[in-house]
Structures are given as structure tokens and as C-alpha cells.
């Protein structure tokens, strides 16, 4: 869907939107808080750990799995294939293009299995909403999504709703370590500053580095001519630090308003459909983590994911007083 243009993009977006209604996100919010508390309680007595594997990766993985209706026993498998798919050049996650293809195939096979199950036995989850939705085709006839098309959606949701949010949470902890005054400011009002804090983390350290597109027609952007067929790369971090848009862009400020960052897109038809869900997860996880483990600190350098498009952190050593 991220590589489609209207009108076909509009049709598919209508299908996916059914799984991200305000009612669905609102219902998830309480569940996200409960999941975050369980995750932190699981590690509270350890006194040290890897923020990524012990905390940050668990919440978005559990949330998106819950939304899709993935059983608990399958979540580790889904996480493993998602890592191999998003970072094929990283030896820790696979290391070859063949590994990426195998992971992609495994996700698609699993998604089609889940889709067929939910078409026969619908439940109150995103998978059921998508596979049973009827939308008009080009001839105006009501149709349902094909299973191979649904598999592509699942791949998008797993990467977009899992990998990116876990990296944003991790970057949030790293930024709070570097800017303790902003951590204190956030914790003084975690409810009131949840959304602005999430947006500032996403602006300052976007989980996705770039997106490449192909121009479909001649156009001029900011005085630069672009010809049809030209390859164009959008660098999110560059846009997010544009001093023509952001006052003192190199200042990390959890109260920054407005914050028109480009991490979710520029508001067009491809704007991230999970934007509000990501904001909720980031704010809830950070508040829960520091309220339960107030002296949590980063004690070593981050280990970055070897990937071109993803600004990912694989490991971040942290320490706190066992509680």
C-alpha cells in the first residue's frame, strides 16, 4: 500500500482504516497501559538489562499482535521474522537477502493462515475487520480483499507498528539520558505531555531514515526541477531539523508546540495510519518505565541496527535499583 497511488491506494486504505478507527484505538489505550505495567514488573527486580529486548520490543510487539489476533505463543516467531525482513544486511537478524525473502514468505504464509481463520470465524480484531470488509472495486461492485493482498497488509502493519515504535521508545530513553532536564519535565506531567513528548522524540530521532520514490511527472520542488522517472529520496531527519520550520531545531524540547515533523509523513494520502497508536505507546511506556524505575540509566553505548532505511537500535544496556 505504501507503493500504490490513487485510485487503487484509496480503495486499500479504506480497508485498512477499518482496523484503526478511534473506537479501536481508544479501546486499546487501557490495554496498552496494563501491558506496559506487566513488562516493567517482569524486569523490575533484575536491576539491569537490555532496554530493547527486555522492554522496548515487547510492548509494540504485543499491541500489534493483539490487534491482529496473533496468539501469544506465535508472537516470538513473528518478531523474529519481522527483524529478518527489516534488516537483511544485519548478521544478527539473518544477514542475507535470502534470509529476508524467507522471512517475508513466512510472514505472508502466517498472515494468510490467520486471514482464512478470521474469515471463517470472525473475532473483534483488526484481522477480522480487514478480511471481512467490503469495498467497491473499479466497477462499483462490492468485493473483499484477497488473501495474498491481506498478507501484504500484515507485513506492513508488523513493520510499521512494531519495529518503528520499539525504536522510538528506545530513542526516547537514550534522549532522556542525554537530556535529563527534559525527562524531569515529562515526568512532572506525563499525562499532559505524553503526546508532545512522543512527537519530539519522533522528530529528533525518527525511526525511519528515508523513503525513496519515483517521480511520475515533471515537477519543481523548492526551486529544484525533478523529471518524471527521477528517483527521489526523502530524508526525514533533514526535514525534521529545518530551521525554517522549527525554532532552535537542535534543542530537544518535550513541550515543543507546534511540532510539524515529517516522521509520519506530510499529511497526504500516505500519512501513517498508526500515528496516534504510536504516540500512545511511546508516552505510556516511558511514563510507566520511569515511574516504576526512577533511577534507570543508560550504562553503555547503543548497538545500532545495520540497515539503510531504519534508524534502529538493537541493544541498549541499562541499569536501575532493583525494585
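The values are calculated or read from the model by the stated rules, or taken from the named source; none is laboratory data. Because the structure is a prediction, the values reported are computed rather than measured. Here the Cβ positions follow ideal geometry from the backbone for every residue, glycine too, while neighbour counts run over all protein chains shown.
Taking the listed residues 117, 156, the one that is modelled with pLDDT under 90 and either closer than 21 Å to residue 314 by Cα or part of a helix (DSSP H, G or I) (or both) is 156, with no other qualifying.
The rows are residues; the columns are (1) modelled with pLDDT of 95 or more; (2) over 22 Å from residue 277 (Cβ atoms); (3) surrounded by 15 or more Cβ atoms within 10 Å (Cβ to Cβ); (4) touching a helix residue (DSSP H, G or I) at 6+ places or on another chain (Cβ under 7 Å).
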site: 182; (1), (2), (3), (4): yes, yes, yes, yes
site: 185; (1), (2), (3), (4): yes, yes, yes, no
site: 188; (1), (2), (3), (4): yes, yes, no, no
site: 198; (1), (2), (3), (4): yes, no, yes, yes
site: 205; (1), (2), (3), (4): yes, no, yes, yes
site: 208; (1), (2), (3), (4): no, no, yes, yes
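Being modelled with pLDDT under 85, surrounded by fewer than 22 Cβ atoms within 10 Å (Cβ to Cβ) and either out of contact with any helix residue (DSSP H, G or I) (no Cβ under 8 Å at 6 or more places or on another chain) or under 29 Å from residue 14 (Cα atoms) (or both) is true for just one of 75, 134. Which residue is that?
Of the residues listed, the single one that is modelled with pLDDT under 85, surrounded by fewer than 22 Cβ atoms within 10 Å (Cβ to Cβ) and either out of contact with any helix residue (DSSP H, G or I) (no Cβ under 8 Å at 6 or more places or on another chain) or under 29 Å from residue 14 (Cα atoms) (or both) is 134.
When residue 54 is tested against (1) assigned to a helix (DSSP H, G or I); (2) touching a residue at least 24 places away in the same chain (Cβ under 8 Å); (3) surrounded by 17 or more Cβ atoms within 10 Å (Cβ to Cβ); (4) in contact with a strand residue (DSSP E or B) (Cβ under 9 Å, 6 or more places away or on another chain), just one condition goes unmet, and that condition is (2).
Just to be sure before I move on: is residue 47 touching a residue at least 40 places away in the same chain (Cβ under 8 Å) and touching a strand residue (DSSP E or B) at 6+ places or on another chain (Cβ under 8 Å) in the structure I sent?
yes
Looking only at region 120-131, filter to residues that are at pLDDT 90 or above and surrounded by fewer than 21 Cβ atoms within 10 Å (Cβ to Cβ); which one of those is farthest from residue 68 (Cα to Cα)? Taking the candidates together, the pick is 120. Screening 307, 275 for residues that are under 13 Å from the mean Cα position of the chain (by Cα) and at pLDDT below 95 leaves exactly one candidate, 275.
Put simply, of 258, 206 the only residue that is within 22 Å of residue 282 (Cα to Cα), assigned to a loop (DSSP other than H, G, I, E, B) and free of Cβ contacts under 8 Å to residues at least 24 places away in the same chain is 258.
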